[in-house]
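Trainee: I have a structure I would like to understand better, so I am pasting it below and will then ask my questions one at a time.
The values are calculated or read from the model by the stated rules, or taken from the named source; none is laboratory data. Source: prediction; values computed, not measured. In this analysis, Cβ positions are derived from the backbone assuming ideal geometry, glycine residues included, and neighbour counts consider all displayed protein chains.
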Amino acid sequence: MPLHLKRLLMLGVLIVLLFLLLKHLLTPVSFGQFGHYRGKAIDEIAAHQVKFVGNKACVSCHDTIVTMKNEGYHSDLSCEGCHGAAYLHVDHPKLEKLFKPDSREFCGKCHSINKARPEKAVTQQNIKDHHPEDKCIKCHNPHQP
Amino acid sequence: MNPEFEHLYQALSKVDGFIYPNEIELSWSVLIVLYPFITGLVAGAFILASLERVFNVKSLKPTYVIALLTAFSFMLVATMPLVFHLGQPFRAWEIMITPHLTSAMAIFGFVYLWYLMVVLLLEIWFDYRVDLVIWSKTATGFKRIVYKALSLGSDDISPKSVKLDDKLGYIVTVIGIPSAFLLHGYVGFIFGSIKANPWWSTVMMPIIFLFSAMVSGIALVMVLFIVINYLRKQKIDMLCLDTIAKYLFYIIIIDFTMESLDQIHRFYEAEESFEIISLLISGHLNFTLLIMQIGVGMMLPLGTLGVLQFYKPAAHIRKAIYFVVGILVLIGIFFMRWNVVIGGQLFSKSFLGFTSFKLSLIGSEGFLMASIWLVVPFFILTFLLWLFPPWKKTPVDH
């Protein structure tokens, strides 16, 4: 076999060995602990901060409003669905105020006419014609519309 | 407005009809369009090179090395759009060290590596070895060091070992053809195997990708061949250029037939997804599919090349036509990838609504980033042509 082919072969073997060495050294330690993934990934994901706190957290301070909402058409909605994630507000209620949507555009996201949206499930209005000069919340209380 | 909602509202404003929440934003943007486009150029350029080597099309000889170096330059960049799309460059290699047979992407790593290391690098090395030995003795400075290292310290250029190199190079090319088919057929498989998406899920997808890859690769080498000869102020080998154009014409016919068959099949079957797909074609993809992909990128080149098979104007006119046709074909195939990748994400899996997509100029998924990955291979190619000039090679008859 000519010299260059011998060296090429050696180079090939070297690359394969290097690959195996790297595979051995660089595979994360917890890989394969439970399945084909890094075992530690579960703890890392669990350690992420939960940003949506849920309706129960709202009830502890705003029980009248939550009760009002639960008796109306919006009973199925989560408070944070309109007001946004409340994790900061729960910790610092005075400093971190939640979003209070009041625009026609905001209500229109669910209530404007959309043929693909079931009429029975969501009341729909032509928001261009329906009292265009007023805000929706002037007549409709969003917590009990 | 609360900034947390602002983004959502912007996204919702581009939605028509009913759409699931996870379908509003496209997960795969222009970088994922580039990935099959660049991989296709690699496979196509290599197949053109193998036409000369394995199928003995002698008139294509002037493009053989250019085609190989083009394939190599684009191959080096092929994974970069994926890495930049995922945004985890320090974890990108983990796909290689923790492979799993059920993951199509994990297998891609090995298909890619096989093609790059075993096929392309080896074939180029065998083809250049004699020249590397000669150049390592005549060149100076940086070039000399590179040539010396690449010749692996051996200066054996006896007729016996040259003949052996040629034989081994031939074997590598023969292995390379199914490998090139595998490489790009696999890219088609990634889309074709997604059964939840009727725009993608077809067994024809790997074949369509393969032939469109050949079309784009051949067109690219044709354009490069014209440009390189122009820049070097050399008279172009018209027989070679006519032959490339002839093969481009044949492959476009096959590609066009395959793609038409796929669509006819879709139309005839008219499954439940048919209505939304018709709306997709006549609406969101109107410009990119009907005008750019089919009109500008396929019918126009097909017609022009078809006419040139019978009527041959003067050489300089033919050259100009081939150049324009090559560019049009490349644009058309880019839009073919666009229509597959972007088109497949524009309609809801509920078949009741659409989202829309607007390419941003800047950002990690923007036009500029995509342009960078499209331009980088040309710089690599320029560097390779400077380091390993095909026109200074010792003539070898394969």
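Trainee: Only residues that are part of a helix (DSSP H, G or I) and more than 7 Å from chain B (Cβ to nearest Cβ): list them for segment A:1-10, please.
Mentor: Selection gives A:LEU5, A:LYS6, A:LEU9, A:MET10.
Trainee: Keeping to segment B:250-304, report how many residues are in contact (Cβ under 8 Å) with a residue 60 or more places away in the chain, surrounded by fewer than 14 Cβ atoms within 10 Å (Cβ to Cβ) and in a helix (DSSP H, G or I).
Mentor: 2
Trainee: At least 3 residues that are within 23 Å of A:ASP134 (Cα to Cα) and in the same structural domain as A:HIS131 (by TED's automatic domain parsing) in each: list the helices (runs of 4 or more DSSP H) lying fully within segment A:66-119 that qualify.
Mentor: A:104-111
Trainee: Does segment A:18-25 include one or more residues that are exposed (fewer than 12 other Cβ atoms within 10 Å of the Cβ), more than 14 Å from every other protein chain (Cβ to nearest Cβ) and assigned to a helix (DSSP H, G or I)?
Mentor: The answer is no, given that none of the residues of segment A:18-25 is exposed (fewer than 12 other Cβ atoms within 10 Å of the Cβ), more than 14 Å from every other protein chain (Cβ to nearest Cβ) and assigned to a helix (DSSP H, G or I).
Trainee: Still on this structure: Do we have B:PHE351 as surrounded by 15 or more Cβ atoms within 10 Å (Cβ to Cβ), of a type in the set (Phe, Trp, Tyr) and not in a helix (DSSP H, G or I) here?
Mentor: It is true that B:PHE351 is surrounded by 15 or more Cβ atoms within 10 Å (Cβ to Cβ), of a type in the set (Phe, Trp, Tyr) and not in a helix (DSSP H, G or I).
Trainee: Restricting attention to segment B:150-159, does a residue exist that is touching a residue at least 24 places away in the same chain (Cβ under 8 Å) and under 18 Å from B:LEU385 (Cβ atoms)?
Mentor: yes
Trainee: Every residue in segment B:313-351 that is farther than 26 Å from B:VAL42 by Cβ and touching an Asp or Glu at 6+ places or on another chain (Cβ under 8 Å), please.
Mentor: B:ARG318, B:SER348, B:LYS349, B:PHE351
Trainee: Now for a separate question. Those residues that are surrounded by 12 or more Cβ atoms within 10 Å (Cβ to Cβ) and over 16 Å from A:LYS56 (Cβ atoms), I need them from segment A:83-97; list them, please.
Mentor: Listed by number, the residues that qualify are A:GLY84, A:LEU88, A:GLU96.
Trainee: Tell me which helices (runs of 4 or more DSSP H) are completely within segment B:125-239 and hold 1 or more residues being within 14 Å of chain A (Cβ to nearest Cβ), under 19 Å from B:VAL57 (Cβ atoms) and under 26 Å from the mean Cα position of the chain (by Cα), or say none if there are none.
Mentor: Fully inside segment B:125-239 and qualifying: B:159-192.
Residue by residue, here is whether (1) on the phi > 0 side of the Ramachandran plot; (2) away from chain B (no Cβ under 13 Å) holds:
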site: A:PHE106; (1), (2): no, no
site: A:SER112; (1), (2): no, no
site: A:ARG117; (1), (2): no, no
site: A:ALA121; (1), (2): no, no
site: A:ILE127; (1), (2): no, yes
site: A:HIS131; (1), (2): yes, yes
